[in-house]
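The values are calculated or read from the model by the stated rules, or taken from the named source; none is laboratory data. Only a predicted model underlies this, so the values are computations on that prediction, with no experimental measurement involved. Cβ placement follows ideal geometry from the backbone for every residue including glycine, while neighbour counts extend to all protein chains displayed.
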Amino acid sequence: REDVVILGIETSCDDTAAAVVRGNGEILSQVVSSQADLLARYGGVAPKMAEEAHIVAIDKVVQQALDNANLAAQDLSAVAATIGPGLSLCLRVGVCKARRIAGMHNLPIVGIHHMEAHALVARLVEKDLHFPFLALLISGGHNLLILARDLGHYVQLGTTIDDAIGEAYDKTARWLGLDMKKGGGPALEELAREGDADSIKFSIPMRQHKDCNFSYAGLKTQVRLAIESRKICTENNPISSANQDDRSSRADIAASFQRVAVLHLEDRCQRAIEWALKIEPSINSLVVSGGVASNQYVRTRLSHVVNNSGLRLVCPPPSLCTDNGVMIAWTGIEHFLAGRFDPPPPANEPENYL
Ligand code: KG4
Ligand code: ZN
């Protein structure tokens with residue numbers, strides 16, 4: 001295992017990331033170039049602009065990852081890259097780079113599913129995390145509850161019927177006038193610490209639906225209405241210019257939103273654990289991963305649910321929860337060692353092949 005070394009490339013959304021990981025899980029390097037400034041300026045990810053930013057960053061990020069690992073491309077065992085889901089213009093930049101390196105050095109290619117990588121990186125962090133396990137994947141675009149039965153064998157227990165939780169955090173943060181350069185989620189988590197989480201009684205989504213699906217669109221609307229009815233703030237009125245009263249109203253909304261957003265996760269996890277134990281009684285872990293899993297409040301609340309059910313919570317450190325190259329390299333290792341990879345692309349493949 002130690003002899004296997006894989007470069008992972010991630011460009012599915014707004015971060016250009018690369019990392020080199022060894023077969024035994026040793027992280028040799030990890031580089032991320034973020035588009036937070038662009039995001040804050042334009043109020044979201046514009047695919048064409050994100051693509052441009054990836055094109056500008058990709059060569060440097062990958063070179064940096066190899067340099068920091070003290071390796072040359074020809075020392076690699078394979079190259080892994082995210083092939084989806086994500087913005088196709090952005091994915092293409094990472095996949096083309098991976099094919100270019102692999103073609104030049106005759107290396108196999110491993111195509112990676114972004115959400116599988118969010119789940120499997122937990123096995124790098126926790127070496128004794130064996131299949132089957134449960135995973136809650138919470139990010140900007142996805143809300144998934146899956147039963148991971150084996151490598152490549154996943155049963156979806158629940159998904160969102162509208163928005164993902166990260167999207168709800170980002171919108172709420174924007175409406176509250178928070179500093180989006182920090183990222184909507186982290187900024188909201190910080191403000192929520194100052195607020196009273198019981199001050200506004202938002203209703204908990206989908207309580208009458210006895211399944212494991214999620215919905216955040218209704219909660220978003222409730223937040224929007226609460227903001228409008230208090231006439232306190234708009235996106236164009238940044239919190240930095242708010243007086244103390246205004247700031248504490250915003251903090252109350254942030255805390256009340258967060259409480260209910262996470263209660264919804266707790267409900268669904270509770271039910272998923274009960275279901276999953278019926279299908280696979282040997283399950284002993286719930287993995288929580290994806291950008292929103294870096295939230296401390298989320299981690300604490302879910303750890304209670306998990307502990308009460310007699311399971312163990314496995315939550316990667318924040319740098320491995322948000323989009324990163326390590327999770328791609330690691331998932332590449334898992335597949336490579338299982339013999340699942342593509343042969344090297346031709347060395348002279350034209351740039352516009354894809
Ligand atoms: O996994 P990720 O980096 O990218 C996607 O695959 O979407 O997740 C990004 C999402 C964003 O919505 C971001 O606001 C959210 O994760 N996020 C957080 C926190 N850190 C990142 N949400 C809540 N609290 C945080 N601390
Ligand atoms: Zn992600």
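A few remarks follow.
- Residue in region 221-269 that is farthest from Tyr169 (Cα to Cα), counting only those that are of a type in the set (Asp, Glu) and in a helix (DSSP H, G or I): Asp245
- In region 142-182, residue nearest to the chain's Cα centre (by Cα) [restricted to those that are at pLDDT 95 or above and of a type in the set (Gly, Ala, Ser)]: Gly166
- Lone qualifier among Gly86, Gly94 - being assigned to a helix (DSSP H, G or I) and more than 16 Å from Gly152 (Cα to Cα): Gly94
Yes/no matrix, rows are residues, columns are (1) within 16 Å of ligand 1 (Cβ to nearest atom); (2) farther than 29 Å from His335 by Cα; (3) surrounded by 16 or more Cβ atoms within 10 Å (Cβ to Cβ); (4) hydrophobic (A, V, I, L, M, F, W, C):
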| site | (1), (2), (3), (4) |
| --- | --- |
| Asp3 | no, no, no, no |
| Ile6 | no, no, yes, yes |
| Thr11 | yes, no, yes, no |
| Arg22 | no, no, yes, no |
| Ser34 | yes, no, yes, no |
| Val45 | yes, yes, yes, yes |
| His54 | yes, no, yes, no |
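- Within region 290-315, residues that are assigned by TED's automatic domain parsing to the domain that holds Pro85 reach no partner that is within 16 Å of ligand 2 (Cβ to nearest atom) with beta carbons closer than 6 Å at six or more positions or on different chains.
- Which listed residue, of Leu91, Leu87, is out of contact with any strand residue (DSSP E or B) (no Cβ under 9 Å at 6 or more places or on another chain) and either among the hydroxyl-bearing types (Ser, Thr, Tyr) or surrounded by 19 or more Cβ atoms within 10 Å (Cβ to Cβ) (or both): Leu87
- Test for Thr172: is it within 16 Å of ligand 2 (Cβ to nearest atom), among the β-branched types (Val, Ile, Thr) and surrounded by 15 or more Cβ atoms within 10 Å (Cβ to Cβ): no
- Some residue of region 235-248 being surrounded by fewer than 17 Cβ atoms within 10 Å (Cβ to Cβ), on the phi > 0 side of the Ramachandran plot and more than 13 Å from ligand 1 (Cβ to nearest atom): no
- Pick from region 329-342, criterion closer than 26 Å to Leu89 by Cβ and out of contact with any Leu (no Cβ under 9 Å at 6 or more places or on another chain), ranking: surrounded by the most Cβ atoms within 10 Å (Cβ to Cβ): Phe341
- Checking Leu354 against (1) modelled with pLDDT under 95; (2) part of a helix (DSSP H, G or I), the condition it does not meet: (2)
- Answer residue from region 130-144, given it is more than 16 Å from ligand 2 (Cβ to nearest atom) and in a strand (DSSP E or B) and is nearest to Ala255 (Cα to Cα) among those: Leu134
- Test: Val305 is more than 16 Å from ligand 2 (Cβ to nearest atom) and either surrounded by fewer than 16 Cβ atoms within 10 Å (Cβ to Cβ) or among the β-branched types (Val, Ile, Thr) (or both): yes
- Just one of (1) in a helix (DSSP H, G or I); (2) under 19 Å from the mean Cα position of the chain (by Cα) fails for Ala276. It is (2).
- Among residues of region 29-45, those that are of a type outside the set (A, V, I, L, M) and farther than 18 Å from Ser12 by Cβ, counted: 5
- Subset of region 321-351 that is in a helix (DSSP H, G or I) and aliphatic (A, V, I, L, M) - its residue that is farthest from ligand 2 (Cβ to nearest atom): Leu337
- The residue that is surrounded by the fewest Cβ atoms within 10 Å (Cβ to Cβ), counting only those in region 255-296 that are within 16 Å of ligand 1 (Cβ to nearest atom) and of a type in the set (D, E, K, R), is Glu266.
- Subset of region 186-220 (residues that are in a loop (DSSP other than H, G, I, E, B), small (Gly, Ala, Ser) and within 16 Å of ligand 1 (Cβ to nearest atom)): Gly195, Ala197
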